[in-house]
1. Which residues, taken from region 88-125, are charged (D, E, K, R) and either out of contact with any strand residue (DSSP E or B) (no Cβ under 8 Å at 6 or more places or on another chain) or within 14 Å of Thr172 (Cα to Cα) (or both)?
2. Please determine, by comparing only the residues of region 88-111 that are among the hydroxyl-bearing types (Ser, Thr, Tyr) and either part of a loop (DSSP other than H, G, I, E, B) or touching a His at 6+ places or on another chain (Cβ under 9 Å) (or both), which one is nearest to Lys77 (Cα to Cα).
3. Is there any pair linking a residue in region 293-305 that is touching a residue at least 40 places away in the same chain (Cβ under 8 Å) and buried (at least 22 other Cβ atoms within 10 Å of the Cβ) to one that is β-branched (Val, Ile, Thr) and not in a strand (DSSP E or B), with Cβ under 8 Å and at least six apart or on different chains, and which?
4. Which residues, counting only those in region 198-220, are out of contact with any Gly (no Cβ under 9 Å at 6 or more places or on another chain) and either of a type in the set (A, V, I, L, M) or modelled with pLDDT of 70 or more (or both)?
5. Taking only pairs six or more apart or across chains, which ones have beta-carbon atoms under 6 Å, a first residue in region 438-458 that is on the phi > 0 side of the Ramachandran plot, and a second residue that is in a strand (DSSP E or B)?
6. I'd like the full set of residues that are among the polar types (S, T, N, Q) and surrounded by fewer than 21 Cβ atoms within 10 Å (Cβ to Cβ), limited to region 428-451.
7. Can you list residue pairs whose Cβ atoms sit under 9 Å apart, with the first residue in region 252-271 being at positive phi and the second being in a strand (DSSP E or B) and not small (Gly, Ala, Ser)? Count only pairs 6 or more apart in sequence or on different chains.
8. Inside region 227-335, counting only strands (runs of 3 or more DSSP E) that do not spill past its ends, which hold 3 or more residues that are under 20 Å from Thr202 (Cβ atoms)?
Amino acid sequence: MRKTLSFTTRACVAAALFVLFQQAGAAQTTKVSAKLLHTMPDGYTNWWSPDARTFAVYNGDVLLYDAATTKVRATIKTSGAPLPKALSFTPDGRMLIILSDRVRLYDVADGKLLRQFGDGTEPINRYETKFKQEVISVYDSGTGQYVDEYRSPGAYENTLELPTAYIGDRITSPDGKALLVRAHKDVDAQVYNLETGELKFTLEPYVEAGKKRRGGGDALGEFSADGRLIVTSHEDRTPRLWNTATGALVANLAPQTDIVYGVRFSHDSKFVATTSFDGIVKIWEAATGTLRHTIGTKKEQHYFAVWNPKDDSFVTKSIKQREINIWDAATSALVAKLDDKAAKEKFEDDLTFAYSPDGKILLTKATNNSTALSPILPNRKLRAIAHLWDARTGALVNTLRDDKARDGLAYYYDKFFWSPAGDFLITTGAVVRLWSLRGELLLELDNDAVVTASLSPDGRLLALTDALSLGTTVKGVAGILIGKKPKALLSKTHLWQIERAATDSASRRRESAVQP
């Protein structure tokens, strides 16, 4: 006798299926829109204030734009282009810190100089880029002629690049009352009262009783996220932890086997990661300075990359094995190893890592090497922009691809931004696109190739600075040939407004629970 489902059971099943289909449909209808608000005749480099109300642009001077009206609020005269880490806002967004011949503090409302700090001071984490993209002439034995080739950075140069990308940004205390700088003349770390401009204390690179003090090399460092501690490092191979309130030494993070160029607090301030030039990563308890974990050796070199924003896991990159691993700082356990076979590439040139705000997805920049003929014959195989990985398993979630042929050099300018809510991802460079968490294309902006980009902290405004157009460059060169003094060739910055269509909570939960 054949059994049949009761009417109640059938109704329950139908209702469950309806809910599932409704949720699936909601997840599929996620939409993001973008509208061009304004084009500014300025470019090169830009920054957002933490409150997203002020937009700073460098074009010979620093221009402060009102983000709401896109009008210039003030102009700050500077001596030379700000280097990486040489310009930053205070946590409340009301003041701007700029390096010229010394560190100076400006009012964001009107651009007026509020105070200046010790002569020769500079942002503690200003680290000049060692590798410069360049064209070299290479002899082609087949044709007997020299051809131009874009030189890529070597392994050692890549190592030197790491501080530029992953050195700390927290040079202002979270409460906005103290500023951590480097004294250029004797390379000490110094803490100033941000409200008065007075020197509070100097963090000596050497603290040795009965011995003459020696210079310790350029200082690096940052405040902890809770503002209670400062970590510094010098070329003396001994990073140190200090009390923010008193400047007292808390602990020496020693021994180290080589110069330490990277020191980073975890997001919860419980741990400190140090990285030395010989490829050894050490994890320390911030409260006591106790060593918890050592990764890598001089033969098997590892380099610290980034902390997970939601837990105490972190990423390291292996130079020799060309691996990317995720570790747990609390347990010293290996959480996952990224599956390079799934990505079909090694990670030798991958220096970009970006966690999603919920810490579940790790983005890595794809490797796309240029060749001598790349500028002439773009390689259609060079289409990978970035990879998305499950941060818990190391499995590849998706690869973001560009369906337009371009040479490898074009990928040099690619940048990546997660929305603050973690519900979509923005990639900029030769093309500008918005993606879902799973790497599905949501939107492509009608914008030229981008050399600089920045996303406002609230995720609503995207600033894109174009590369100089071919027409503008040709006009400039033509003017020079006929003896006409050329005007300054400046890129333009476009301000886009990003809006995401609201979805129900079930849909958002489905998107956040990404499975490979």
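1. From region 88-125, those charged (D, E, K, R) are 92, 94, 101-102, 104, 107, 110, 112, 115, 119, 122; that's our starting set.
Result: Asp92, Arg94, Asp101, Arg104, Asp119, Glu122.
2. Going residue by residue through region 88-111, those that are among the hydroxyl-bearing types (Ser, Thr, Tyr) are 88, 90, 100, 106.
With either part of a loop (DSSP other than H, G, I, E, B) or touching a His at 6+ places or on another chain (Cβ under 9 Å) (or both) added as a condition, the list becomes 90, 100.
Working: Thr90: 19, Ser100: 10 Å.
Selected residue: Ser100.
3. From region 293-305, the pairs are Tyr303/Thr159; Tyr303/Ile319.
4. Step one: of region 198-220, the residues out of contact with any Gly (no Cβ under 9 Å at 6 or more places or on another chain) are 198, 207-219.
Residues satisfying the conditions are Glu198, Val207, Ala209, Asp218, Ala219.
5. As it stands, the answer is Gly439/Leu388; Gly439/Asn398; Gly439/Leu400, since those pairs meet every condition given.
6. Residues of region 428-451 that are among the polar types (S, T, N, Q), as a first pass: 428, 436, 447.
Result: Ser436, Asn447.
7. Going by the 9 Å Cβ cut-off, the qualifying pairs are Ser269/Leu229.
8. Values: elements: 229-233, 240-243, 249-252, 260-265, 271-276, 281-285, 291-295, 302-307, 313-318, 323-328.
So the answer is 229-233, 240-243, 249-252.
The values are calculated or read from the model by the stated rules, or taken from the named source; none is laboratory data. Predicted model only: the values in this text are computed from it and were never measured. Positions of Cβ are generated from backbone atoms using ideal geometry, with glycine treated the same way; all protein chains shown enter the neighbour counts.
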